[in-house]
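All of the numbers you see were taken from the coordinates with simple rules; none came from a lab. A quick note: this is a predicted structure, and the numbers were derived from the prediction, not measured. When we count neighbours, we look across all protein chains shown, and the Cβ atoms used for this are built from the backbone with ideal geometry, even at glycine.
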Amino acid sequence: MRTKKAISKLLLEFFASERRVIVSKWRIEVVYQNLAIKYDFVLPDASNQASLLRSLISNGIISSIEGVSSVYKISVPFASILPSPAEGILQEANPLGFFGFESAFVYHGLTDEIPSSMYFYLAGKESGRLPHGTKPDDWSDFSLPGNRRPQKIKNRPVIYTNSKPEWDFGVSVGYIEGVPIFVTDLEKTIVDSFRRPEKCGGISSLIEAWIRAIDLVNLEIIVEYVNRIGQSLLKQRVGYIFETLGKSHHAFDHWAETSIRGSSARLIASGEFSSRYSERWNLSLNLPESMLNRLSEKDQKS
């Protein structure tokens with residue numbers, strides 16, 4: 001039987017090969033089992049796994065992260081030169097979830113603001129994603145990890161949103177300081193900003209993000225995503241903004257024809273109803289006049 005010291009060495013060699021600094025309890029268990037199979041030693045049971053984890057902690061090989069249970073920082077020399085961003089810690093704690101809203105704005109370069117909070121979607125196994133660095137065979141003997149909700153990581157608050165399975169699409173792989181994360185792609189980031197503008201850094205940041213994105217997004221994908229979500233008000237808001245910014249699509253006429261009226265038909269859902277109105281989109285334009293002018297100016301310069 002391999003000694004704990006030998007197993008610890010194999011674990012560290014594996015994590016070093018992946019340049020991994022942040023590891024969770026579930027990742028240690030999966031890698032431990034894979035190493036047992038690779039090197040033909042006795043497969044670990046729950047007792048072995050727990051004993052190894054205690055040994056790694058007591059010997060100072062891994063150390064706890066404040067406010068985040070069952071996620072650890074590797075403390076040996078190779079890890080000291082590698083980054084451990086708060087985003088990577090949050091992703092390891094919730095390996096099926098993904099970043100969105102203002103955090104995705106930052107990732108895609110849609111804002112110059114650096115938000116103090118991280119915006120993160122919680123997701124379940126219905127997403128079809130696997131944790132970074134794992135493959136389907138790794139989970140034949142394990143259940144996929146559940147969600148954890150640390151409230152703050154490295155003094156950065158976390159704002160959570162529950163992802164509905166039917167809306168869990170448009171997620172891509174990104175990197176923060178070389179650490180892999182899941183994040184909404186550019187098109188889903190823009191679509192989601194219409195759904196939850198309060199999570200996007202304020203109205204001014206929202207307008208600037210739409211303007212920056214307008215020549216970068218794939219309009220066909222935007223239309224696909226909006227139709228997939230299927231909300232009439234979302235179609236009205238997206239259609240109005242894209243047309244105001246000088247973009248056209250054959251879907252817009254249908255969206256406008258089927259638009260709904262009423263007090264809820266506001267460009268910004270959380271804002272007060274305004275008498276400024278788009279007849280084509282049956283939409284109260286409840287933005288400050290200066291911001292409406294900013295949108296129109298962008299179209300005139302395009």
Sequence-distant or interchain residues sharing an amide H contact under 5 Å with T161, placed H: which? F120, Y121, L122
For the chain, what does the helix formula give at 222 nm: sum of -39500 (n - 2.57) over DSSP H segments with n ≥ 4, over the residue count, nearest 500 deg cm²/dmol? -12500 deg cm²/dmol
Mean Cβ neighbour count within 10 Å, used as a protection proxy, ranking 212-225, 181-194, 19-32 highest first: 181-194, 19-32, 212-225
Lysine pairs, Cα distance under 26 Å, 8 or more residues apart or cross-chain: how many in the stretch 127-248? 15
So for the stretch 231-301, taking the charge dipole from beta-carbon charges (+1 Lys/Arg, -1 Asp/Glu), which of S275, I241, I260 sits furthest toward the positive end? I241
Percent antiparallel among DSSP beta bridges with both residues in the chain, to the nearest 5? 75 percent
Karplus ³J(HN,Hα) for the stretch 19-33 (6.51 cos²θ - 1.76 cosθ + 1.60, θ = phi - 60°; Hz, whole; x = Gly/Pro) runs 6, 9, 9, 9, 9, 9, 4, 5, 5, 4, 5, 5, 5, 4, 5
Let me know the whole percent of all Cα-Cα pairs from the stretch 207-268 that are separated by more than 20 Å. 22 percent
Length-normalised contact order of the stretch 213-289 in % [C-alpha pairs under 8 Å, at least 6 apart]: 25 percent
Give the distance, in whole Å, between the Cα centre of the stretch 145-160 and the Cα centre of the stretch 72-113. 11 Å
Ratio to report: Rg/Rh of the stretch 4-82, with Cα atoms as the point set and Rh obtained by the Kirkwood method; give two decimals. 0.94
Using only the Cα atoms of the stretch 231-301, what semi-axes does the equivalent ellipsoid have when each is the square root of 5 times a gyration tensor eigenvalue? Give whole Å, largest first. 18, 17, 8
Rg/Rg_globular for the stretch 93-187, with Rg_globular taken as 2.2 N^0.38 Å and Rg from C-alpha atoms: 1.09
Please tell me the relative contact order of the chain in percent, rounded to the nearest whole number, where contacts are Cα pairs under 8 Å and at least six residues apart. 13 percent
Taking the Cα centroid of the stretch 23-69 and of the stretch 166-201, what is the distance between the two, rounded to the nearest whole Å? 32 Å
What are the ³J(HN,Hα) couplings of the stretch 45-50, residue after residue, when phi is run through the Karplus curve with 6.51, -1.76, 1.60 and θ = phi - 60°? Round to Hz, x for glycine and proline. 9, 4, 5, 4, 4, 5
Take the Cα radius of gyration of the chain and divide it by 2.2 N^0.38 Å, with N its residue count; two decimals is plenty. 1.21
